[in-house]
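Visitor: Below is a structure I'd like to ask you about.
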Amino acid sequence: MDFFQYSASNPLLFLIIVFLVSLSVGSFLNVVIYRLPIMLKQEWKSDCIEFLSKELSTDLKDQKTDSESTFNLSVPRSRCPSCGHKISALENIPVISWLFLRGKCSACGSAISIRYPVIELTTALLSLLVASIYGVQWYTLTGIVLVWALIALSMIDFDTQLLPDNITLPFLWLGILLSLTGISPISLISSVIGAMAGYLSLWTVYQLFKLITGKEGMGFGDFKLLALLGAWLGWQALPMILLLSALVGSIVGISLILILGRDKNIPIPFGPYLASAGFISLLWGKEIQQAYFSFMGL
Ligand SMILES: [Zn+2]
């Protein structure tokens, strides 16, 4: 009996497994969200130094020192940012450790951000939602992995205004692959057109906006993210995703300016809104489209 047959007869067990696995993945996403932008910046810096060394025929190698020590997703071990205390395995259990330590470092007592358990719990709950709506099948597992990627992208964009290619591009191609292999319910044509239209629509808006105002309204990461969503959800989902993200984005943006007095000129990342709209579309896209069409009397 394979995993799917067994899970189909034990749906509750399936949901429990999804919840627990996603909870620990949430803990890994915290690491990705924090470290990936730093890794990218180190890479860019060393590329720049290498390029400039050649260009100016000088040796800038001594500038490299701070990126010399290994820093990736697994090395070095996580430490308390205040005192450098190494986080033990027991202190690294998602949500539970944070609650047990009452949000404080066991060595120096400085506060550990509530953001970490919140991201872990959010990852687990959103994955559970996908599992309960789509049931026991391959597409559910891929959809859950997509949700993990969207959470990482949203938070990285929120923190750094970056949407790393290392995440957007592989997931864009994965979306097309899932249609090609029939794992995804989206047809291959819808998926390919979705990827193209997703990229080109925002690219066009960007170019027009730049032409008219001379400013850059969004980044190339946003085009890639919408291409990714088009590849996974089909071109039919794109109008709704754009509409939803513009709606939520402007409500949040205007309230930030009105309530917090935030400067209009500070760029507001668009990625988290695109990602949330994509998530809503993954879960309830069909229902929303049907409701919309029946409302229009079609
Ligand atoms: Zn500490």
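Visitor: Could you tell me whether residue 57 is within 16 Å of the ligand (Cβ to nearest atom), hydroxyl-bearing (Ser, Thr, Tyr), modelled with pLDDT under 90 and open to solvent by 40 Å² or more (accessible area, probe 1.4 Å)?
Guide: The answer is no for residue 57.
Visitor: Considering the stretch 196-225 alone, what residues qualify as being under 18 Å from residue 145 (Cβ atoms) and among the hydrophobic types (A, V, I, L, M, F, W, C)?
Guide: 225
Visitor: Out of 177, 242, report the one residue that is free of Cβ contacts under 8 Å to residues at least 12 places away in the same chain, in the same structural domain as residue 165 (by TED's automatic domain parsing), assigned to a helix (DSSP H, G or I) and within 20 Å of the chain's Cα centre (by Cα).
Guide: None of the others qualify; the one that does is 177.
Visitor: Give the number of residues within the stretch 67-87 that are more than 16 Å from the ligand (Cβ to nearest atom) and either part of a loop (DSSP other than H, G, I, E, B) or open to solvent by less than 90 Å² (accessible area, probe 1.4 Å) (or both).
Guide: Qualifying residue count for the region: 8.
Visitor: While we're on this one: Please determine whether any residue of the stretch 184-199 is within 16 Å of the ligand (Cβ to nearest atom) and either open to solvent by 20 Å² or more (accessible area, probe 1.4 Å) or within 16 Å of residue 279 (Cβ to Cβ) (or both).
Guide: no
Visitor: Is it fair to say residue 280 is in contact (Cβ under 8 Å) with a residue 40 or more places away in the chain, in a helix (DSSP H, G or I) and surrounded by 15 or more Cβ atoms within 10 Å (Cβ to Cβ)?
Guide: no
Visitor: While we're on this one: Filter the stretch 107-135 for residues that are more than 10 Å from the ligand (Cβ to nearest atom) and outside any helix (DSSP H, G or I); which is farthest from residue 183 (Cα to Cα)?
Guide: So the residue we want is 113.
Visitor: Here's a follow-up. With 202, 169, 260 as the choices, which residue is in contact with an Asp or Glu (Cβ under 7 Å, 6 or more places away or on another chain) and either surrounded by 12 or more Cβ atoms within 10 Å (Cβ to Cβ) or more than 26 Å from residue 283 (Cβ to Cβ) (or both)?
Guide: None of the others qualify; the one that does is 202.
Visitor: So how many residues does the stretch 88-106 have that are near the ligand (Cβ under 10 Å from one of its atoms) and either charged (D, E, K, R) or open to solvent by 40 Å² or more (accessible area, probe 1.4 Å) (or both)?
Guide: 2
Visitor: Can you work out which of the residues in the stretch 7-27 that are surrounded by fewer than 16 Cβ atoms within 10 Å (Cβ to Cβ) and farther than 15 Å from residue 131 by Cβ is farthest from the chain's Cα centre (by Cα)?
Guide: 9
Visitor: Tell me which residues, restricted to the stretch 1-56, are acidic (Asp, Glu) and more than 30 Å from residue 155 (Cα to Cα).
Guide: 2, 50, 55
The values are calculated or read from the model by the stated rules, or taken from the named source; none is laboratory data. Model, not experiment: these values are computed from the prediction. A quick note on method: Cβ atoms are made from the backbone with ideal geometry, for glycine too, and the neighbour counts reach across all protein chains shown. Just the protein is used for accessible areas: all its heavy atoms, side chains included, with ligands, DNA and RNA removed. Shrake-Rupley method; radii C 1.70, N 1.55, O 1.52, S 1.80 Å.
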